[in-house]
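Enquirer: Would you mind keeping the following structure in view while I ask a few things?
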2 protein chains.
Amino acid sequence: MDNKVEIPRKAIYRLSIYSRCLKRLLENGIETVSSSALASAAGVKPAQLRKDLAYFGQFGTRGLGYPVEVLLNTIREVLGRAKLQPVVLVGAGNLGRALLRYDGFRKEGFEVLAAFDAKPDEIDESRIPVPVYSDDGLEDFIKENKVRMAIVCVPAEHGQAVANKLVDAGVQAILNFSPIVLQVPEHVVVTRVDLAIELENLSFFIDRD
Amino acid sequence: MDNKVEIPRKAIYRLSIYSRCLKRLLENGIETVSSSALASAAGVKPAQLRKDLAYFGQFGTRGLGYPVEVLLNTIREVLGRAKLQPVVLVGAGNLGRALLRYDGFRKEGFEVLAAFDAKPDEIDESRIPVPVYSDDGLEDFIKENKVRMAIVCVPAEHGQAVANKLVDAGVQAILNFSPIVLQVPEHVVVTRVDLAIELENLSFFIDRD
DNA sequence: ATATGTGAACGGCTTCACAGCC
DNA sequence: GGCTGTGAAGCCGTTCACATAT
């Protein structure tokens, strides 16, 4: 399959899920997996898995399945996850500090270099594995360290201002935990994670009294 | 518009976003809003906003727009957010404890009654506003308190077992922070929030060296 | 004049179903 | 026999465009 066909965003997202499943299979010493087995672990239909993989190559052996390790490495490559990716975090409140302590990021190849906060002096740095600086130095730091990704955990009222700063400094992707919709230029990608909205959304589906 | 037409999940999700925007408008004393203004604040197209609202009624005045307060209340009603919703959290690790301290849930009408952990004795409860119990009591607690929603923050290897317990006890909606795909019966809704995957997904869209 | 409500067109992702290969 | 790869069909949500209402 050739590169001219764009890979749909949704497919990209699922690639990450597949990679997690493959990682577990690899750890368990499994060398080959069928589309139906992997699909079920990832919560999708077999045909969809095969279509997703077909966007960037042919890896399977008919009658057999996919080689776990090769497939995993290829997916990582496609996702651009060959090397450690530097990240900054803005807003060291409750949530921000928790994310700084969260080891899932590093384990997956992201390095949070530093945190920034409007009032760094009031932050209890004792259990945080990275330095917390004042917002003032944000733009310089991003430029100096060629940071392209940022995590935003500031209150709603500061979200847009922070995003503007980040974009001006060269950030291209933002993981936004602030409960607002950020307005950014087209070349910048934002993923919004609003925990209260996720809960609210779920609550629609439970029985009412 | 009648109730026979199912509201798409994505539309439901957007209702939550609209409600946040409307809340801000209300706080600023704005009484009427057009579909284009509200849509732009919510990051969607005007036609989509109108379609979403049309799923459950007609609220606008042609030539004028929508009454902010009425619309907000109606959306809250549709979302089933009339009263406080009890929630339990399972897994009081870094992320779990941060979520317990996060005030966004309560502010939006969710009450985390208690947390459960495999090793509650090792948890530093000092800064957590709810009790942390042993996993043993999970099912009884859920039944006694008629809990229908749960937040899961346990390591991947325990995720499915915890989910099974929750479902058996009567939980109908799960917000899953564990990095696995939970297998649940059809009547149970799961929303997955995998922070590492979100980052990974974003990293696909930044320039490579 | 202006903005909603909505049938119809559109587009894109998902699923099917089967040909092709091991 | 079993499983992948893929064109074709199907489905669902989005967007358009205009009739409708104030």
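The values are calculated or read from the model by the stated rules, or taken from the named source; none is laboratory data. If you're wondering where the values come from, they're calculated on a predicted model, not measured in any experiment. Reconstructed Cβ throughout: ideal geometry from the backbone, glycine too, with neighbour counts over all protein chains shown. The protein model used for the area step is the full one, side chains on, heavy atoms only, and it has no ligands, DNA or RNA in it. Shrake-Rupley method; radii C 1.70, N 1.55, O 1.52, S 1.80 Å.
Enquirer: HN-Hα J couplings of segment A:42-49 from phi, Karplus 6.51/-1.76/1.60, θ = phi - 60°, integer Hz, Gly and Pro as x?
Expert: Residue by residue, segment A:42-49 yields 8, x, 10, 7, x, 4, 5, 4 Hz.
Enquirer: Relative contact order of chain A, please, whole-number percent, based on alpha carbon pairs below 8 angstrom and at least 6 residues apart. Intermediate results must be reported in sequence, preceding the final value.
Expert: Details: 289 pairs, mean separation 29.2, N = 209.
Once normalised by length, the contact order is 14 percent.
Enquirer: Moving on to the next point. When we measure straight from the Cα of A:Lys51, which aspartates and glutamates land under 16 angstrom away, once same-chain ones fewer than 8 places off are left out?
Expert: Output for A:Lys51: A:Asp2, A:Glu6.
Enquirer: Moving on. Rounding to the nearest 20 debye, state how big the charge dipole of the protein assembly as shown is about its Cα centre with +1 on each Lys and Arg Cβ and -1 on each Asp and Glu Cβ.
Expert: Details: 52 positive and 56 negative charges, 314 e Å.
So the magnitude is around 1500 debye.
Enquirer: How high is the relative contact order of segment B:85-198? Use alpha-carbon pairs under 8 Å, at least six apart in sequence, and give a whole percent.
Expert: Details: 207 pairs, mean separation 27.7, N = 114.
That works out to 24 percent.
Enquirer: With r as the distance between the Cβ atoms of A:Asn28 and B:Tyr55 and R0 = 30 Å, compute the FRET efficiency 1/(1 + (r/R0)^6) and round to 0.05. Please list the in-between numbers first.
Expert: Values: r = 45 Å, r/R0 = 1.50.
For R0 = 30 Å, the calculated efficiency reads 0.10.
Enquirer: How far, in whole Å, is the closest Cβ of chain A from the axis that maps A onto B, and which residue does it belong to?
Expert: That would be A:Ala98, 1, residue then distance in Å.
Enquirer: If you count only protein heavy atoms and use a 1.4 Å probe, how large is the accessible surface of A:Lys51, to the nearest 10 Å²?
Expert: 130 Å²
Enquirer: Measuring from a point 7 Å out along Cα→Cβ, what nm distances, shortest first, does A:Asn145 have to its partners in the other copies?
Expert: Distances between equivalent label points, in nm: 3.9.
Enquirer: Each residue of segment A:175-180 in turn: what ³J(HN,Hα) in whole Hz from Karplus with 6.51, -1.76, 1.60 and θ = phi - 60°, glycine and Pro shown as x?
Expert: My calculation for segment A:175-180 gives 9, 9, 9, 6, x, 9 Hz in order.
Enquirer: Report the charge-dipole magnitude of segment B:50-209 in Debye, nearest 20, computed about the Cα centre from +1 at each Lys and Arg Cβ and -1 at each Asp and Glu Cβ. Don't skip to the end; give the middle numbers.
Expert: Working: 18 positive and 24 negative charges, 194 e Å.
Dipole magnitude for segment B:50-209 comes out near 940 debye.
Enquirer: As a test of the definition: with a 1.4 Å probe, what buried accessible area, both sides summed, do you compute for A against B, in Å² to the nearest 100?
Expert: Working: alone 13230 and 13250 Å², together 20290 Å².
Between A and B, the summed buried area is about 6200 Å².
Enquirer: To the nearest 10 degrees, how steep is helix A:68-78 against the longest Cα principal axis of chain A, on a 0 to 90 scale?
Expert: It works out to around 40 degrees.
Enquirer: Further question: Give the average, rounded to an integer, of partner chain Cβ atoms located within 10 angstrom of each Cβ in B:177-187.
Expert: 3
Enquirer: Please give every one of the lysines within straight-line cross-link reach of B:Lys119, meaning a C-alpha to C-alpha distance under 23 Å, and leave out same-chain neighbours fewer than 8 residues apart.
Expert: B:Lys143, B:Lys165
Enquirer: Rounded to whole Hz and in sequence order, give me ³J(HN,Hα) for segment A:85-93 from the Karplus expression 6.51 cos²θ - 1.76 cosθ + 1.60, θ = phi - 60°, writing x for Gly and Pro.
Expert: So the J values, rounded to whole Hz, are 10, x, 9, 10, 10, 10, x, 9, x.
Enquirer: Still on this structure: Starting from the Cα gyration tensor of segment A:1-113, multiply each eigenvalue by 5, take the square root, and state the resulting semi-axes largest first in whole Å. Mind dumping the intermediate values first?
Expert: Details: eigenvalues 175, 53, 33 Å².
Semi-axis lengths for segment A:1-113 are 30, 16, 13 Å.
Enquirer: Still on this structure, please answer the following. Put the label 7 Å from Cα along Cα→Cβ for B:Asp121; what are its distances to the other copies, in nanometres, shortest first?
Expert: Nearest to farthest, the other copies are at 4.4 nm.
Enquirer: Using 7 Å Cα-to-Cβ label points, what is the A:Gln183/B:Arg62 separation (nm, one decimal)?
Expert: Rounded to a tenth, the inter-label distance reads 3.0 nm.
Enquirer: Put a label point 7 Å from Cα along the Cβ direction on B:Arg208, then list its distances to the equivalent points in the other copies in nm, shortest first.
Expert: 5.0
Enquirer: For chain A, what does the helix formula give at 222 nm: sum of -39500 (n - 2.57) over DSSP H segments with n ≥ 4, over the residue count, nearest 500 deg cm²/dmol? Mind showing how you got there, number by number?
Expert: Values: 9 runs with 89 residues, N = 209.
The helix-only estimate for chain A comes to -12500 deg cm²/dmol at 222 nm.
Enquirer: Could you work out what % of the accessible surface of chain B is carbon and sulfur, using a 1.4 angstrom probe and leaving DNA, RNA and ligands out of the count? Don't skip to the end; give the middle numbers.
Expert: Working: 4950 of 10150 Å².
Ligands and nucleic acids excluded, carbon and sulfur give 49 percent.
Enquirer: Could you tell me which residue out of B:Leu175, A:Ala150, B:Gly57 lies farthest along the dipole of the protein assembly as shown toward its positive end? Charges go on the beta carbon: Lys and Arg +1, Asp and Glu -1, centred on the Cα centre.
Expert: Result: B:Gly57.
Enquirer: May I pose another question? What is the helix-to-structure angle for A:156-169, meaning the angle in degrees between its Cα long axis and the longest Cα principal axis of chain A, kept from 0 to 90 and rounded to the nearest 10?
Expert: For A:156-169 against chain A, the angle is about 80 degrees.
Enquirer: Please compute the per residue accessible area over segment A:1-69 with all protein chains in place, 1.4 Å probe, rounded to a whole number of Å². Kindly include the intermediate steps, with their values, before the conclusion.
Expert: Details: 4150 Å² over 69 residues.
Value for segment A:1-69: 60 Å² per residue.
Enquirer: Next up: Shape call for segment A:98-192 from the C-alpha gyration tensor, a ≥ b ≥ c root eigenvalues: rounded (a/c under 1.5), prolate (a/b greater than b/c) or oblate? If you can, show how the numbers build up before the last one.
Expert: Values: a/c = 1.42, a/b = 1.29, b/c = 1.10.
It is rounded, given that a/c, with a ≥ b ≥ c, falls under 1.5.
Enquirer: Further, regarding this structure: Please give the Cα centre distance for segment B:91-138 versus segment A:70-129, rounded to the nearest Å.
Expert: Their Cα centres are 23 Å away from one another.
Enquirer: Measuring with a 1.4 Å probe in the full set of protein chains, what accessible area per residue, in whole Å², belongs to segment B:85-198?
Expert: On a per-residue basis, 41 Å².
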